[in-house]
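Structure, as structure tokens:
Each reported figure results from applying straightforward, stated rules to the coordinates on display, with no laboratory input. Since the structure is predicted, the reported quantities are computational estimates derived from the model, not experimental observations. For neighbour counting, all protein chains shown are included, and Cβ atoms are generated from backbone atoms with ideal geometry for every residue, glycine included.
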Amino acid sequence: MLVCEAVHTLSLRATPATVNAIAHEIGIDQSGASRLIKSARTAGHLATAASVTDGRRREPSLTLAGRSMLDQAHRWQEDIFCELTRGWSDKKRHDFQRAMTELMDRSCAMDA
């Protein structure tokens, strides 16, 4: 799940999903990221293809099964968020989501 989320997030930023980029996104070393990628590929959640910028490099991408798993996880997260914020006004819920998104965006900008 973790490596699939990293691949998805990198793709949203138009950043190639290299082993090093995935390792950085997850906060682990390159060998650990390689093992997670291999495991996700074996499970059918990731596929690898030659990089468009460097044919020697292989870049993982989500398969349909990986996308489905990620979509289910995101729905579950939304359900939990709604449960945790039950009783909050729509404005309070929206303000909190906006603030958290802003923090995550700033965190990514600091890494750049």
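Divide by every residue of the chain the summed helix terms, -39500 (n - 2.57) for each DSSP H run of at least 4, and state the resulting mean residue ellipticity at 222 nm, rounded to the nearest 500 deg cm²/dmol.
Taken over the chain, the calculation gives -22000 deg cm²/dmol.
After finding the eigenvalues of the alpha carbon gyration tensor for the chain, what semi-axes result from the square roots of 5 times each, listed largest first in whole Å?
Ellipsoid half-lengths, sorted descending, are 30, 17, 11 Å.
Specify which residue in the list M110, C4, S61 is farthest towards the positive end of the charge dipole of the chain, using unit charges on the beta carbon of Lys, Arg (+1) and Asp, Glu (-1), about the Cα centre.
S61
Report the label-to-label distance for Q30 and T42 in nanometres (one decimal), using points 7 Å from each Cα along the Cα→Cβ vector.
2.2 nm
Which of R86, R93 comes first, and how do the rest follow, when ranked by fewest Cβ neighbours within 10 Å?
Final ranking by Cβ density, sparse to dense: R86, R93.
Can you tell me the relative contact order of the chain? Whole percent, Cα pairs under 8 Å, sequence separation 6 or more.
Once divided by the residue count of the chain, the mean separation gives 21 percent.
For A50 paired with C82, estimate the spin-label separation in nm (one decimal), with each label point 7 Å from Cα along the Cα-to-Cβ line.
About 4.6 nm, to one decimal.
Under unit Cβ charges (Lys, Arg +1; Asp, Glu -1), what dipole magnitude, rounded to 20 debye, does the chain have relative to its Cα centre?
In total the dipole reaches around 240 debye.
Considering the Cα positions of region 66-111, please state its Rg to one decimal place and its Dmax as a whole number of Å.
In Å, with Rg to one decimal and Dmax whole: 13.1, 36.
Share of Cα-Cα pairs in region 2-65 beyond 14 Å, in percent?
50 percent
Length gain on complete extension for the stretch S68 to M110, per 0.36 nm per residue less the alpha carbon to alpha carbon distance?
Separation in residues times 0.36 nm, less the Cα-Cα distance, equals 12.0 nm.
Taking the number of other C-beta atoms within 10 Å as the exposure measure, put W88, W76 in order starting with the fewest.
W76, W88
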